[in-house]
Amino acid sequence: MTLSTSTHLTARSRSNTYSKTPKVAIARFAGLKSVGVAPAASVSFKSRSVALAASASRTACATATTAGFKVALLGAAGGIGQPLALLLKMNPMIETLAVYDLADVTPGVAADLSHINTPCKVTAYKGQDQLAGALAGADLVVIPAGIPRKPGMTRDDLFNINAGIVKSLIEGVAANCPNAIVNIISNPVNSTVPIAAEVMKKAGCYDPRKIMGVTTLDIVRANTFVAEAGGVAVSDMNVPVIGGHAGTTILPLLSQASPSVAVADPAAMTTRIQNAGTEVVEAKAGAGSATLSMAYAAARMAESVLLAKTGEKNVVECTYVESSLVEGLPFFSSKVVLGPEGVAEFLPLGELNDLEKAGMEEMRELLTKNIEAGIAFVADNA
Ligand code: NAI
């Protein structure tokens, strides 16, 4: 099943008590009007998260969470996994957080988190034979499992190890929670998402609305850098980033920044956003890649997915999914409206300027190669 630009999918409203949380605004990107989606009041993700976290601590004595979701975090003991688990523990929509990893420290991570006085219950699963328990009944599966980059490595250099890890974890999803929404963080995202799609297809349970590559960190970085350059409050800034999540496939649409900012050297700003991950890899000097900013970005994405599952309207994120938006690129990251079943609608790319059009052409070859590598990996490793 392939979704088209104008696909509107039926929203299944989850019966829950989400209405207990403060109503917050969701839309972060300009352009909603163009597809008839009413623009939401502009409260940023920062404010929204603060509201949710505050709500979590205010309801610390409560026995129930506001929406009753189960989230499984695979790779929970790692550099991203641990701070991400902390942020998820603070999300009042999550009733159960299943932390899964191969590392011996996993039960300790869960024990540590479980002492925090927020309603979310934390359960630990260590080792392959406990994967099924972690996944059973999950509404959302978030995957940061895999090795990170060291200086001098590209995301593609991670392929050989991470492709196999993602394949086996998605086989677990297919067997234990085929209807869950999946957020894939493990690199190379440009290939791990097609891998996940192929695995789900083979298992007969592929729903393209539900398999999402997490590119949110590119948006978070673009928002920060562009706001700094323009002297705009960072929490107000929205910069869509499209394409993929590696090198030149990361294409920020600076011309669509909202509020509009006149960036002095858009080509240099584009390169900085594309290389921001490498900036962190080099600064950490062999001790890993982005973990804290990634945890923040993944928590934002998870929160958006869950909000949409409660029936909240106008939840817009950029995410790397199966897409028919750009001819010849069957997986592509762009702005989508999220709904209870995952991607509900693709928003148009909007007008691109000459620099952005050139960026679209430049990414084509690499992104195609990355997608094909993912598909071939599953075919070759049946
Ligand atoms: P890390 O090495 O600190 O943690 C990875 C964790 O995965 C470890 O705890 C390890 O035990 C676990 N793991 C390995 N194989 C597993 C398996 N089969 N099942 C369950 N757990 C398993 O790495 P870090 O820094 O947390 O990065 C994780 C991944 O996220 C890397 O692939 C990295 O490239 C990617 N990443 C993605 C970003 C994005 O924007 N999408 C940004 C930054 C990193």
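FYI, it's all coordinate maths here, none of it is from the lab. The shown structure was predicted, so the numbers you read here are calculated from the model rather than taken from an experiment. Methodologically, a virtual Cβ is constructed for each residue, glycine included, from the backbone with ideal geometry; neighbour enumeration extends over all protein chains shown.
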Legend entry - Residue-wise HN-Hα coupling along segment 316-322, computed from phi with Karplus coefficients 6.51, -1.76, 1.60 (Hz; x: Gly, Pro): 10, 9, 8, 8, 8, 9, 4
Inset, instruction - Putting +1 on Lys and Arg Cβ atoms and -1 on Asp and Glu Cβ atoms, find which of Cys120, Pro188, Ala76 reaches farthest to the positive end of the dipole of segment 69-214. - result: Pro188
Legend entry - Net charge of neighbours whose Cβ lies under 10 Å from the Cβ of Val343, counting Lys and Arg as +1 and Asp and Glu as -1: -3
Inset, instruction - Answer rounded, prolate or oblate for segment 69-214, using the Cα gyration tensor with square roots of eigenvalues a ≥ b ≥ c: rounded when a/c is under 1.5, else prolate when a/b is larger than b/c, else oblate. - result: oblate
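What is the sum of charges around Thr216, taking Lys and Arg as +1, Asp and Glu as -1, for the other residues whose C-beta is under 10 Å from the C-beta of Thr216?
Values: positive: Arg221, Arg300; negative: Asp218, Glu317.
In short, 0.
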